[in-house]
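Chemist: Structure incoming, see below.
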Amino acid sequence: MNLKEVPALKMIEKASRESPAAKINIMGDALRNTIRRMPTEGIDVVIWFVSVEKLFEQLSVSAELQSILIRPYFSERAKMLLSKCDPTHTSLYECIRIFLFQELHLSTISDPNIPSVYLDKFNALVRDKD
């Protein structure tokens, strides 16, 4: 190997580390031990999404990778619902979250960003007779 090949090899190595596949692999490894599978209960799903978003923020996961990285952690029901969604909407994490909230009846149609499951839970509570 001569001296002219060394910078070219370094440039190729850098390009391969910055490729989308390499970024997905690196971020996937970082998430693997820090995230758990999506729960099935309504209020737990909302909390799960909040924790995932905080984790994305802490790890500085780019917006285009979020929707790809989160899919393996979805529950079976969420995967089934997502398969029915328009593929153009499933490329963005925010669209996936809003879609799943609506399909799992965790938000209202008027404002999909506000989980209605909290209000429903509150209204269903009965005061103890102590």
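The values are calculated or read from the model by the stated rules, or taken from the named source; none is laboratory data. All figures in this text were calculated on a predicted structure; none of them were measured in a lab. Cβ: placed from backbone, ideal geometry, glycine included. Neighbour counts: every protein chain shown.
Chemist: For the stretch 25-41, how many residues are under 14 Å from Ala78 (Cβ atoms) and surrounded by 18 or more Cβ atoms within 10 Å (Cβ to Cβ)?
Modeler: 1
Chemist: Looking for whichever is at pLDDT 90 or above and out of contact with any Pro (no Cβ under 6 Å at 6 or more places or on another chain) here; the options are Arg32, Arg17, Arg77. Which one fits?
Modeler: Arg77
Chemist: What number of residues within the stretch 63-111 satisfy the criterion of being surrounded by fewer than 16 Cβ atoms within 10 Å (Cβ to Cβ), assigned to a helix (DSSP H, G or I) and either charged (D, E, K, R) or in contact with a strand residue (DSSP E or B) (Cβ under 6 Å, 6 or more places away or on another chain) (or both)?
Modeler: Counting residues in the stretch 63-111 that are surrounded by fewer than 16 Cβ atoms within 10 Å (Cβ to Cβ), assigned to a helix (DSSP H, G or I) and either charged (D, E, K, R) or in contact with a strand residue (DSSP E or B) (Cβ under 6 Å, 6 or more places away or on another chain) (or both) gives 6.
Chemist: Looking at the structure I just gave you, is Glu57 surrounded by 12 or more Cβ atoms within 10 Å (Cβ to Cβ) and of a type in the set (Asp, Glu)?
Modeler: When the stated conditions are applied, Glu57 does not pass them.
Chemist: For the stretch 112-130: of the residues being in a helix (DSSP H, G or I) and modelled with pLDDT under 70, which is farthest from Ala63 (Cα to Cα)?
Modeler: Of everything passing the filter in the stretch 112-130, Phe122 is farthest from Ala63 (Cα to Cα).
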